[in-house]
Amino acid sequence: MSEINTLAAFYAFSSGALWLLGSLLFMGFDKVNIQANRWLGAFYYILACTFTQLFLEGFGIGGSFLIHLLELPRWAMLPCLYMAVNSYVSPSLPKKKWFFHFVPFLLFLIFSLVYLMPNLFNEQNDLLPSWIGFIVRYFFFIQTIYYWILCFSLLRRHQKNLKMVASFTEKIDLEWLRYLLISVLFLIFIRILSISNIQATYFSPILYFLGIILLAYSTLTQKSIYAIETYHPAEKDEIAPKKALNERLTPEQVEGLKYIVMRKTVDEKLYLDPSLTLSALSDKIGINTHELSYVLNNGVGKNFYQFINELRTEEAKSLLLSEDTKHLDMFGVAIRAGFNSKTTFYTTFKKATKLTPKEYIKANSEAH
C-alpha cells in the first residue's frame with residue numbers, strides 16, 4: 001500500500017506544476033499572446049484539479065464533496081484548450097459562438113447543484129443512477145477525443161494556409177503548439193492505457209508527470225504571434241468562393257494576369273524582399289489578393305510560398321556561382337537571394353535541385 005502511495009505522490013507533482021503553469025499564463029509572464037494564454041491557463045487549472053483529485057483519492061484524503069468539487073469543471077477543460085488554439089491561430093478574428101462550447105459544462109453544473117450536491121451534504125452514498133455515471137464517464141472521453149482532433153485540425157489548417165499568404169513561416173507556424181497537442185495526446189493515451197492495462201495503471205502517475213513536463217516545455221517555449229498581424233489572415237484571403245472567382249476570371253484573363261504577375265515579380269525582382277507577403281505583392285502588382293491567389297494556384301500551379309521561394313532559389317543558384325559573392329557565407333547568400341531563414345533556404349534549395357548549396361557549387365565547378 002505504501003508503494004502505491006509513493007507513486008500517487010507524482011499526482012501531487014503534476015498538480016503543482018499545472019497550478020504554477022496556469023498562474024504564469026494568467027499573469028502574462030511573457031506579455032505576448034495574452035488572450036490565448038489565458039484560455040490555455042484555464043485549461044491547465046482544470047487539468048490541475050483533475051490531478052489534485054487523483055492525488056486525494058490515491059491517499060484517501062478529502063471527502064466526497066471536495067472530490068466532486070474538483071471534478072466539476074472537467075467538462076470545460078477541452079473547450080478551453082480549443083479556445084486557446086483558436087486564439088493562437090487567429091488572434092485578431094472575433095470568436096463567434098464560443099459560448100456554445102461550454103453548454104455541456106453548464107448543464108452538468110446545473111444538474112450538480114440541483115441533484116448531486118444536496119446528496120453530498122446529506123452524506124448519501126447512492127448518488128448517481130448507473131446511466132448518469134455512464135454519461136459522465138464516457139461523454140468526457142468522447143469530448144476529449146473530439147476537441148483534440150478539432151484543435152489539431154485548426155493548427156494544420158493554419159500551417160497550410162500560411163503558405164498561401166507568406167513566403168516565410170518559421171516564426172509564425174506555431175510549431176510549439178503542435179508539440180503541446182502531441183503532449184496532450186500522450187496524456188490521453190496514458191488514460192486509455194491505464195483503463196485497459198493494470199500494469200499501466202500502476203505506473204501511470206509517473207507517465208502523467210512526464211507528459212506534464214512536455215506540456216510545460218512546449219508552453220514556455222512559445223513565440224509571439226504578432227507577426228501574423230502583418231498580413232491578412234488566410235481565412236480572409238480564401239474567403240471568396242471558387243465559383244465566384246471562376247465567374248470573374250476567364251482562362252484568358254488568368255493567362256493575362258499570370259503574365260503581369262510574372263513580369264512584375266521577376267523583372268522587378270520583388271521576391272528579393274524577405275518580408276514579402278501575398279497582400280504586399282498584390283499591392284505592388286495592382287490586383288487584389290483573391291485574384292492573385294487564384295492566378296498563382298490555377299495559372300502558375302503553385303501557392304504563394306512555393307512561387308516566391310522557387311524564384312529565390314533561382315537567384316541563389318546564380319549567386320552561388322558568381323565571383324562577386326564568393327566572400328559570402330551560405331546565410332549571406334540566402335539573405336541576398338531574399339530568404340530570411342537559413343532553414344527555408346536549405347529546404348527549398350534541396351527540394352528544387354536535389355542538392356545542398358555546397359553540393360550544387362561542387363557539381364557545377366566540376367562541370368566546368
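Every number here is computed from the coordinates shown, using simple stated rules; none is lab data. Because the structure is predicted, anything quoted here is derived from the model rather than measured. Positions of Cβ are generated from backbone atoms using ideal geometry, with glycine treated the same way; all protein chains shown enter the neighbour counts.
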Open item on the list: Defining a contact as two alpha carbons under 8 Å apart and six or more residues distant in sequence, what relative contact order in percent does the chain show?
Closed with: 15
Task: Dipole of the chain, positive end: most advanced residue of Thr347, Tyr44, Leu7 [Cβ charges, Cα centre] - done: Thr347
TODO: Could you rank the peptides 338-350, 78-90, 252-264, 191-203 by their average count of other C-beta atoms within 10 Å per residue, with the highest value first?
DONE: 78-90, 338-350, 252-264, 191-203
TODO: Quick one: which residues, 5 or more positions from Ala166 or on another chain, have an amide H under 5 Å from its amide H? H modelled 1.01 Å from N in the peptide plane, none for Pro or chain starts.
DONE: Leu278, Tyr305
Open item on the list: Suppose each label sits 7 Å from its Cα in the direction of the beta carbon; what would the Phe189-Glu359 distance come out to in nanometres?
Closed with: 3.1
TODO: Using θ = phi - 60° and the Karplus relation 6.51 cos²θ - 1.76 cosθ + 1.60, list the HN-Hα couplings for segment 274-284 in order, rounded to whole Hz, with x at every Gly or Pro.
DONE: x, 9, 5, 10, 4, 5, 5, 5, 5, 5, 6
Open item on the list: Among Thr325, Met27, Leu296, whose Cα projects farthest towards the positive end of the dipole of the chain, with charges put on the beta-carbon of Lys, Arg (+1) and Asp, Glu (-1)?
Closed with: Leu296
